[in-house]
1. Tell me, S64, S175 in order of fewest to most beta-carbon neighbours within 10 Å?
2. Kindly rank 139-147, 157-165, 242-250, 269-277 from highest to lowest mean number of other beta carbons found within 10 Å of each residue.
3. Which angle from 0 to 90°, rounded to the nearest 10, does the C-alpha axis of helix 131-147 make with the longest principal axis of the chain?
4. Taking K and R as +1 and D and E as -1, what net charge do the other residues with C-beta under 13 Å from the C-beta of Q223 add up to?
5. Quick one: Cα centre-to-centre distance for the range 363-381 and the range 478-524, in angstrom?
6. Near A350, within a Cβ-to-Cβ distance under 14 Å, what is the net charge of the other residues, with Lys and Arg +1 and Asp and Glu -1?
7. Against the longest alpha carbon principal axis of the chain, how many degrees, from 0 to 90 and to the nearest 10, is the axis of helix 205-219 turned?
8. Find the centroid of the Cα atoms in the range 267-296 and in the range 81-122, then give the distance between the two in whole Å.
Amino acid sequence: MGATNEPQSQETEVKTPRQGIVPNIISGLATGLFSIPEGMAYAQLAGVNPVYGLYSGIVATIASSLSTGTVLMISTLTSAIALATASVLQSANIQDNQMPQALFTITFLVGAIMFLLGILRLGSIVNFVSNAVMTGFVAGASLLIILGQEHHLTGYSPSGANQWQKTIDWLQNISQWDWTTVGVSVAVIIFMVGLKRVRPLEKFAPIIVLVIATVVVKFLNIQTELVGDIATIPNSLPAFMLPDFSLIPQLALGASSVALVALAQGAGISTAVPNPDGSKASASRDFVGEGLGNLAGSFFQSMGTGGSLSRTGISVGAGANGRWGGVFAGLWLGLIVLLFGSTAELVPLAVIGGMLTVVGVELIMARVPSARLVLRTGATGPLVAMALTFFSALFIPLQYTIFLGALLSVLLYVVASANKLRLQEAVRLDDGGWEMRDAPTELKPHQVTVLVVQGLDFFAEVPVLDDQMPSPRGVVGAVVILVARDMQTLTSTGIKWLERYAKELQNNGSLFILADINPPVLHALRASGVLATIGEENVFPATTRVLAAEEMAWEAAQEWLQNR
């Protein structure tokens, strides 16, 4: 599954990093500056004070940078995390008097879930969220980002029970738009798109747009709503503040969805940005590091955070060569907030709205290749999963969408697992070799039938195998050799089927032999008692020698037929 962070217009170039601490100091400054516009904008997506977006890049980023397995990863607030957080706060019916502690409680829970999954070595859990599902989820969430900027772009706050009703109301009341705000937002969009086409300035377009647009609005005294009109941003570092632990039952389910979104986003960073020393990053170690970042940040007014591909790309591109790149990113951002934090109150909301609109469009465009890939595969399941996830993101709370997506991914996996089962007949040739053919539908009496099964991993494949196996009913004196070297585990469903098939053969005076059986499967057969039913002498364990078990099983079958 690919990462789904904020858009990055070009792939991160992997090059030999410069040594020493200075490159990390420089890259930290670049990343810290970049975190100012994105942090404020994403906090606005969640409908909370922009200062919490800034604070999310300080303590949480420093703590995670010191502990993730991917040493260059920058863990911070992202657009998808912000949207999921907003959905959790709304669905949990959090009141104004419960804020901002409820926000930090979500961060704490996200950290605890990430940390627990990492400790349990469940880093592979994100592999169960398919590319099709994440494509639909990100595209839907990105469209919500764009639609959610109606007030910031036009100065008019639409009303409605959901985003679509608000959009309709917004379009029906164009006469109430503030055209000064519209002019500022359109100018910001054009300016930002233009800067992103200038290669040297592309990565730093958000901070350049933020600074220049804010200065122009202030200098020309343009009357438009500012950040200071809705929030106070002090010149201070985040103070220690306890989450409200009494809200844990109310927020736990939603927080788990935020954690899943964050972990899925960060999953591809280790591949895109490998460790400088060549060591392989562990996904579970990344979970632990991201979890520790959230746990620490929750006590210092941070929103939920996770691996950010865009911020990591900025850091690496600016020269980071290790963990200290992320540490200095947090330190620089803290220093900037301490010295100039209140200046952020001068930022026009139209600037943030314009920037987020560009981000939303870029996110959608970045998923177009993945959507095309899903379409070109021609597989109905992934296509349906992508469409369902996309439309559900638009109409139901976002935290339920990610759960729906995860469920769809698991269903796709189960269906694919069942369909990958393959049963073939191995026919012994006159020269002693073997030829693979389609499995027969019937057994022949007084003859040996060698069947090779592949893809029998879980319980879901057993009914499929049962349908493909030739029926033993009414066949006398037949021998069935089932070769199962591909099988590494055996479920209780598989054990019950093996016992039933073996008994059917035995009741008809036939024989069932298992060949090339791996030790874990043999142990399961012995522990369940089925080995006694089949007969220890009729089970031939796997060996290091190719086809040795098959040859022994064939000889035993021929001897059995001769003795009859």
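Each reported figure results from applying straightforward, stated rules to the coordinates on display, with no laboratory input. Quick caveat, the model's predicted, so the values are computed rather than measured. Cβ sites come from the backbone with ideal geometry, for glycine too, and all protein chains shown count toward neighbours.
1. Sorted ascending by nearby Cβ count, the order is S175, S64.
2. For the peptides 139-147, 157-165, 242-250, 269-277, the packing ranking is 139-147, 269-277, 242-250, 157-165.
3. Around 20 degrees separate the two axes.
4. Value of the local net charge: -2.
5. Centre-to-centre distance over Cα atoms comes out at 41 Å.
6. Once all neighbours under 14 Å are counted, the net charge is -3.
7. Helix 205-219 and the main axis of the chain meet at about 20 degrees.
8. Using only Cα atoms to place each centre, the spacing works out to 21 Å.
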